[in-house]
Amino acid sequence: MTIAIYPGSFDPITKGHLDVLMTGAQIFDKVIIAVSHNLEKHCFFSIEERVMLIKASVKGISNVEVDSFEGLTVEYAKKKGSKILLRGLRAVSDFEYEMQLSQTNSALSEEIKTVFLITKPEYNFISSGTVKDVAMLGGDISEFVPKAVEKYLKKRR
Ligand code: ADP
């Protein structure tokens with residue numbers, strides 16, 4: 001059984017993330033989407049909120065599991081019996097960071113490989129950051145995020 005880990009901040013999950021996840025779920029036997037405690041980013045939503053919003057957005061995808069973790073992604077992957085990290089690529093601007101991250105993870109643990117997926121063009125420009133900004137300014141984010149996230153952001157506003 002091939003298990004892939006899709007790690008990220010997901011602050012909050014967007015349709016871009018979801019598209020990468022669903023394609024991953026078609027390729028791998030199981031995908032674990034795992035919210036990481038990111039040391040660099042100051043997140044708007046708590047880990048619990050982010051996990052809750054992901055769970056509400058992936059209902060019905062049978063081979064997707066939702067989780068969170070602290071510490072090194074490679075250690076988490078090992079614990080889950082996975083050698084594959086799934087990441088999404090948007091514009092060229094993502095590439096340098098993602099390449100560095102992927103090579104760091106491989107240097108930490110040689111057997112861990114990162115698989116990159118590209119979203120549908122209509123989701124390519126979406127980022128959690130802009131979604132939050134638009135929502136906080138009262139804009140319509142229904143095209144960018146799953147329904148559960150849209151509702152929750154409205155409530156938070
Ligand atoms: P991180 O803080 O680890 O970068 P993010 O939640 O920002 O976590 O993103 C997780 C992964 O999803 C990253 O690989 C990122 O490039 C990818 N991603 C984010 N938004 C999109 C999108 N709209 N289309 C494709 N991939 C995306």
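The values are calculated or read from the model by the stated rules, or taken from the named source; none is laboratory data. Every value quoted in this text rests on a predicted model; they were computed, and no experiment measured them. No Cβ is skipped: glycine too gets one built from the backbone with ideal geometry, and neighbour counts run over all protein chains shown.
Here PHE125, PHE95 are screened, and the one residue that is assigned to a helix (DSSP H, G or I), within 12 Å of the ligand (Cβ to nearest atom) and modelled with pLDDT under 95 is PHE95. Residue selection: SER102 fails the criterion of being closer than 24 Å to LYS151 by Cβ and within 13 Å of the ligand (Cβ to nearest atom).
Applying the set (1) within 14 Å of the ligand (Cβ to nearest atom); (2) closer than 24 Å to ASN124 by Cα; (3) free of Cβ contacts under 8 Å to residues at least 12 places away in the same chain to HIS17 leaves exactly one unmet item: (3).
Among the residues of the range 44-53, not a single one is among the acidic types (Asp, Glu), in contact with a His (Cβ under 8 Å, 6 or more places away or on another chain) and either part of a loop (DSSP other than H, G, I, E, B) or within 16 Å of the ligand (Cβ to nearest atom) (or both). Tallying residues that are more than 17 Å from PHE10 (Cα to Cα), near the ligand (Cβ under 10 Å from one of its atoms) and without any contact (Cβ under 8 Å) to a residue 40 or more places away in the chain within the range 107-120 yields 1.
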